[in-house]
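J.: Here's a structure for you.
Please treat every number below as a calculation from the coordinates, not as lab data. Being a predicted model, the structure only gives us computed values, none of them experimental. All Cβ positions, even for glycine, are placed from backbone atoms using ideal geometry, and neighbour counts span all protein chains on display.
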Amino acid sequence: MEKTIVAISTASGNGGIGIIRLSGKQTFDIVNKIFVPKNKSKEIKGYTIKYGNIINPNNNEIIDEVLVSYFVAPKSYTTENMCEINSHGGTVVEKRILELCLQNGAELAEPGEFTKRAFLNGRIDLSQAEGIIDLINSKTEMEAKESINQLEGSLSKKIKEIEKKMLDITVNIEVTIDYPEYDAEEVTNEEALKSLKNIHIMLKNLENSFNKGKIIKDGIKTVIIGKPNAGKSSLLNTMLKEDRAIVSDIAGTTRDTIEEYLNIDGIPLKLIDTAGIRDTDNTIEKIGVEKSKKLVKDADLVIAIFDISTNFDDDDRKIMNLIKDKKAIILLNKVDILSENKENEEEIKELNKPIIKISAKEEIGLDLLYSEIKKMFELNEISSNNEILITNERHKNQIIKADKHILEGIETIEKHLPVDIISIYINQAMEELGEITGENVSENIINEIFARFCLGK
C-alpha cells in the first residue's frame, strides 16, 4: 500500500474540535510541509502531540492553530505512520486543511479505509472490524457493550477454540491414515464422533445466541395496532414522553406509520404506530390499513390496544384474528373512563395473551406493560448474562454453514464410511468459520463490509 490517505474523521458541521487523519509512508513528510510546530523541533516520536500552526506552504498563510498527534509504525491504528491534526471544528477550516494534505501528496481515503488497513495489516480480524462499525452505530449502552466485546476479540477467541478442536480431529485422522498398522481406526472414529458432537453443540449455541443478539442490535420491532380512536397515538406519545403523533377525536387521523425508538433497560424498542384498522371506503386510509396488516406479520411484538369503554365490534374481532398467532400483548385502554367491561374481557381471554388494563391518557399501567415486555423477551437474563452473543447475521449464516458440514461428518462416522472423508467435511467447516475472522474471505465481502463505514474511520 504505497499511497498515503487522508480524511476528515469528525462529523460534518461546526464543533469544538475537528480531526483530519492521515495514514501511510508519506504521512510525516506531508505534515512537515504544512505544519509549523511552536518548539521548532523536527524530531518525531510516537504517542506525542505537538502544538503549532497549519500553514499554506505557498504563501505561509496561517490556516489554523492546531495540535498534531503522531503515531509511528507499527504502533498505530493502521500499523502505519499516522497523524491526527486536531483543528478547531468548523467546515471551512477542516476542508482547507484537507485540501492542503491532498495538494502535498495525500489521497482521499475511501469509507472505512483506515480500519480496512488495520485488518489487512493484521492488527484486527474481520469480526473485530465489524465490531467497530457496530460500536459506532450503537443505539443503547448494551449494544455498545456487545460491540466492544466483539472488538476485544471475544467471538474470534471462541472461533479459534472451535477450530482447534477441529484440527485435533484432523491430526488424529491423518495419523490413522499414515500408520494403518496400528489398527486404531475404531478408536479414532469414536473420539472423532464425540468431538464432532461437542463442536456441533458449541456451534448451535452460537447460532441460537443470535436470537438475543438480534434484539440487542436491532431492537424489538413493536407494532401498535387497534381501531381508530382506540388510543394508539396516545400510547405512543405517552411511552415517548412527547407529542410525536397527532391525537384527535376524528377517526382515521393516523394514515401512515410513525416509527420511533424507546430504550427499555438497554434494549431498543422500535415502536411503530399504525393506521387504525377498520373497513373504510377512503382510498388513502385503505392503503394505511393494508400497510398496518403487513407490519403485523413482520413484527417481533404486537401491542394490540382496545377501547374498554365500548363493546367489541367486527373491526375489533378482525384485530383479534390478526394477532392470534403472534407474540402479542393486549391493552384494554381508557380505564379512566370505565374500569371494567366483563363482556369484552371474557372474549379477549380466549386469545390466551397477556392482558393489561391501562389509560394511555393518564399514564396508568405503563409499568406493567414494560414488565411484561421484559418478561416476554427475557431482557433481565440478556442484561445479566456474560455469554458470547452473535449480533451479526453474516456471522450467524457462516456458523450455520459450518455446522452443516459438522453434521455431515457425524453422519459419515455413523454410516461407517472411510475415515478420510471426515477430514473433508471438517476442512469445509473451517473454511466457513474463516469467513467470520477473515482468514478465508473473498475481496468482494471485504469491500462490502468496509463500504458500510463512514469516511475517516
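J.: Run the numbers for Asn205 and Asn121: contour at 0.36 nm per residue of separation, minus the present Cα-Cα distance, in nm.
T.: Extending this stretch completely gives an extra 27.1 nm.
J.: If you don't mind, there's one more thing I want to ask. Give me the net charge of Val335's neighbourhood, meaning all other residues with Cβ under 12 Å from the Cβ of Val335; Lys, Arg count +1, Asp, Glu -1.
T.: Result for the neighbourhood of Val335: -3.
J.: Quote the relative contact order of the chain in percent (integer), defining contacts as alpha-carbon pairs under 8 Å separated by 6+ residues.
T.: 16
J.: 5 Å is the cut-off here: which amide hydrogens, built 1.01 Å from N in the peptide plane, fall below it relative to Ala328, excluding neighbours closer than 5 in sequence?
T.: Answer set, sorted by chain and number: Val302.
J.: Ordered by residue, what ³J(HN,Hα) values in Hz, to whole numbers, does the range 48-63 give under the Karplus form 6.51 cos²θ - 1.76 cosθ + 1.60, where θ = phi - 60° and Gly and Pro are x?
T.: Computed from phi, the couplings for the range 48-63 are 10, 10, 10, 9, x, 10, 8, 10, 7, x, 6, 9, 6, 5, 7, 8 Hz.
J.: Moving to a separate point now. Per residue of the range 352-362, in order, report the coupling 6.51 cos²θ - 1.76 cosθ + 1.60 (Karplus, θ = phi - 60°) as ³J(HN,Hα) in whole Hz, putting x for Gly and Pro.
T.: The phi angles translate into 6, 10, x, 10, 10, 8, 9, 10, 4, 5, 9 Hz.
J.: Simple spin-label model, 7 Å along Cα-to-Cβ: Asp420 to Ile44 in nm?
T.: Placing both labels 7 Å beyond Cα along the Cβ direction yields 5.5 nm.
J.: Counting other beta carbons within 10 Å of each Cβ, put Thr48, Thr391 in order, fewest first.
T.: Thr48, Thr391
J.: Taking the Kirkwood radius as the inverse of the mean 1/r across Cα pairs, report the Rg/Rh of the chain.
T.: 1.11
J.: From the helices alone, meaning DSSP H stretches of at least four residues, give me the mean residue ellipticity at 222 nm for the chain, per-run term -39500 (n - 2.57), in deg cm²/dmol to the nearest 500.
T.: Computed ellipticity for the chain at 222 nm equals -15000 deg cm²/dmol.
J.: Work out, step by step, the length gained on full extension between Ile355 and Lys241: first 0.36 nm times the residue separation, then minus their alpha carbon distance; give nm to one decimal.
T.: 38.8 nm
J.: Place a label point 7 angstrom from the Cα of Lys404 along the Cα-to-Cβ direction, then list the residues of the range 419-445 whose backbone nitrogen is under 12 Å away.
T.: From the range 419-445, the list is 429, 432.
J.: If you add up the charges near Ile148, with Lys and Arg at +1 and Asp and Glu at -1, over every other residue whose beta carbon is less than 12 angstrom from its beta carbon, what do you get?
T.: Net charge in that neighbourhood comes out at -4.
J.: In nanometres, what is the gap between the two model label sites at Asn380 and Lys25, each 7 Å from Cα along Cα-to-Cβ?
T.: So the label points at Asn380 and Lys25 sit 6.1 nm apart.
J.: Which of the residue pairs Lys75/Lys204; Lys42/Lys145; Lys294/Lys375; Lys75/Lys401 have a Cα-Cα distance greater than 32 Å in the structure shown?
T.: In this structure, Lys75/Lys204; Lys42/Lys145; Lys75/Lys401 lie more than 32 Å apart at Cα.
J.: Expected output is a single nm value to one decimal: the length gained when fully extending between Ile388 and Asn59, i.e. 0.36 nm times separation in residues minus the C-alpha distance. What is it?
T.: Value of the extension gain: 112.8 nm.
J.: What number do you get for the range 5-109 when its Cα radius of gyration is normalised by 2.2 N^0.38 Å, N = residues?
T.: 0.97
J.: Quote the FRET efficiency, to the nearest 0.05, computed for Ile17 versus Lys75 with a Förster distance R0 of 30 Å and r equal to the Cβ-Cβ distance.
T.: 0.80
J.: Estimate the FRET efficiency between Asn198 and Arg452 by the formula 1/(1 + (r/R0)^6), using the beta-carbon distance for r and 35 Å for R0, to the nearest 0.05.
T.: Between Asn198 and Arg452 the formula returns 0.50.
J.: Let me ask another. Kirkwood Rh over alpha-carbon pairs of the range 395-437, then Stokes-Einstein at 37 °C and 0.692 mPa s: what D in µm² s⁻¹, rounded to an integer?
T.: It diffuses with D of about 317 µm²/s by this estimate.
J.: Something else: How far is it, in nm, from the label point at Glu161 to the one at Leu108 when both lie 7 Å from their Cα along the line to the Cβ?
T.: Calculated label separation equals 4.6 nm.
J.: Also: Sticking to Cα atoms, compute the Rg of the range 384-457 to one decimal and its Dmax as the biggest Cα-Cα distance, whole number, in Å.
T.: Rg and Dmax of the range 384-457, Cα atoms, are 16.3, 56 Å.
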